[in-house]
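Before any comments, here is the structure.
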Amino acid sequence: MMGMARRGFVAAVAIGLLAASAATAPADSSAIFAIGDGNSAANASVEFWGAQWWKDNAVSGGTAPASFKGLAVTVTPTGPCSGTFTTDPGNSVDPPARVASQIQVLVVNSVTKSGPVISGTYDDVDLVNTDPGYGPAPGHAGTGTVIADCNGGGGGGVPT
């Protein structure tokens, strides 16, 4: 049986992502950061934004392009915890000026680049407690610790 806190997290993720469906996020709103699926584990330290995102995140579908810094601008859910995303390379995205103490991040299993467009897929959404030090320039990495996940699988592994 699913615990009450986990049910609430799953519902909040589903509602939040479905509301953002196929909508391009303006700065300081519903753009969502990402981590690699190889980094998603209970209590894992993760980097969700930064110049070295592609080096610091393991993605099962292959190495992410160096120009992906970790911010998905357009998110299209295909289920409560899965979907696709697109974004622009490097400094072309407009990340939020600050992040909350807890944020949802996509758990991506594929990131590719074709021309000026970066796209990918995700199969989970984790909840991350953020660390101090984030800045909107890719040189100011956004880091934190995974505390929960949407699927109840490998990610934050919320007990039920």
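Each reported figure results from applying straightforward, stated rules to the coordinates on display, with no laboratory input. What you are looking at is a predicted structure, and each value in this text was computed from that prediction instead of being measured. Positions of Cβ are backbone-derived with ideal geometry, glycine not excepted, and every protein chain shown enters the neighbour counts.
Our coupling estimate for segment 45-50, obtained by passing each phi through the Karplus curve with A = 6.51, B = -1.76, C = 1.60 and θ = phi - 60°, is 7, 10, 10, 9, 7, x Hz, Gly and Pro reported as x. For the peptides 65-77, 137-149, residues were scored by their other Cβ atoms within 10 Å and the scores averaged per peptide; the highest-first order is 65-77, 137-149. Amide hydrogen proximity for residue 49: with H placed 1.01 Å from N in the peptide plane, the residues at 5 or more positions away or on another chain lying under 5 Å are 142. Counting Lys and Arg as +1 and Asp and Glu as -1 over every other residue whose Cβ lies under 9 Å from the Cβ of residue 124, the net charge comes to -4.
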